[in-house]
Amino acid sequence: MASITAGETRAATQRKAEAQVEVAAPSRREFLYYIWGASIALLLGEATAGIIWFSLPRFKEGTFGGVFSFPPDRVPATDAGPLNVPEGRFWVSNVPDQGLVVLYGVCTHLGCLPKWVDANIRFECPCHGSKFEKSGLYIEGPAPRSLDRFSTTVIFTDGTSETMSAAGDPIPLNGKSIASVQIDTGRRIKRDGKV
Ligand code: FES
């Protein structure tokens, strides 16, 4: 019987390994299936992540851009000046014979911050002198329109509620007791011109 040399053993091992490699390698069709499957999985993953992202609230409650639950005991009286709420960038104003309005605290001219001036009973902008009523209505100056306001809902203790109109008019309170005030700083209402 002929003896098997070391070289023949190595060659046999190599042939066996090559045969295994040939068996394990996917065909071109299988390879395309894998690519196609991976692409579909990737697309589905992206779509799912997008849906989840859009369904999450963009802003947290109580931060600018989100909804503020304003306590009723902080609503100013009609004979008091508007209340500044810097964290929400708004003023809460209770206007005699009109009601509650929440004003965006940024001037509609070039973005300075108007201040309430008790002595003159109006907002005055320190930059170019625009002036606005307690309700935010334009009085004079270079501002192109009245102060913007935030969409607001007042919930009364009797269970009824009033939401600010699309025009952003003050919400009549009619002496009713307030349970809470919801201010949506993500929904800014721009008045049409200087009214
Ligand atoms: S920024 Fe207010 S008047 Fe110009």
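Values quoted throughout were computed directly from the atomic coordinates according to the rules given, and no laboratory measurement underlies them. Only a predicted model underlies this, so the values are computations on that prediction, with no experimental measurement involved. A quick note on method: Cβ atoms are made from the backbone with ideal geometry, for glycine too, and the neighbour counts reach across all protein chains shown.
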Using r as the Cβ-Cβ distance of ASP158 and ARG188, and R0 as 35 Å, what FRET efficiency do you calculate, to the nearest 0.05?
-> 0.75
Full extension from SER165 to ARG89: what is 0.36 nm times the residue separation minus their Cα-Cα distance, to one decimal in nm?
-> 25.3 nm
Return the Rg/Rh value of the stretch 67-189, two decimal places, where both radii are evaluated on C-alpha atoms and Rh is the Kirkwood radius.
-> 0.95
Size of the stretch 82-127 as Cα extents on the principal axes (Å, biggest first) = 31, 24, 15
What trypsin sites (Lys or Arg not before Pro) in the stretch 135-184 are in a loop by DSSP, with at most 14 other Cβ atoms within 10 Å of the Cβ?
-> LYS176
Förster radius 30 Å - calculated FRET efficiency between ALA49 and ARG28, Cβ distance, rounded to 0.05 = 0.40
Could you give me the ³J(HN,Hα) list for the stretch 176-188, computed from phi with Karplus coefficients 6.51, -1.76, 1.60 and θ = phi - 60°, whole Hz, x at Gly and Pro?
-> 6, 7, 9, 8, 6, 10, 9, 10, 9, 6, x, 10, 9
Using modelled amide H (1.01 Å from N, peptide plane; none on Pro or chain starts), what sits under 5 Å from the amide H of GLY105, excluding residues fewer than 5 places away?
-> PHE90, TRP91
Cα-projected label distance for SER69 with ALA41, points at 7 Å along beta-carbon direction, nm = 4.4 nm
Listed by chain and number, the residues whose amide H is under 5 Å from that of ILE139, excluding neighbours fewer than 5 places away on the same chain and using placed H, are LYS131, PHE132, GLU133
Vicinal HN-Hα couplings computed from phi for the stretch 81-98 (Karplus, 6.51 cos²θ - 1.76 cosθ + 1.60; Hz; Gly/Pro x) | x, x, 9, 7, 10, x, 5, x, 6, 9, 10, 9, 10, 10, 8, x, 6, 10
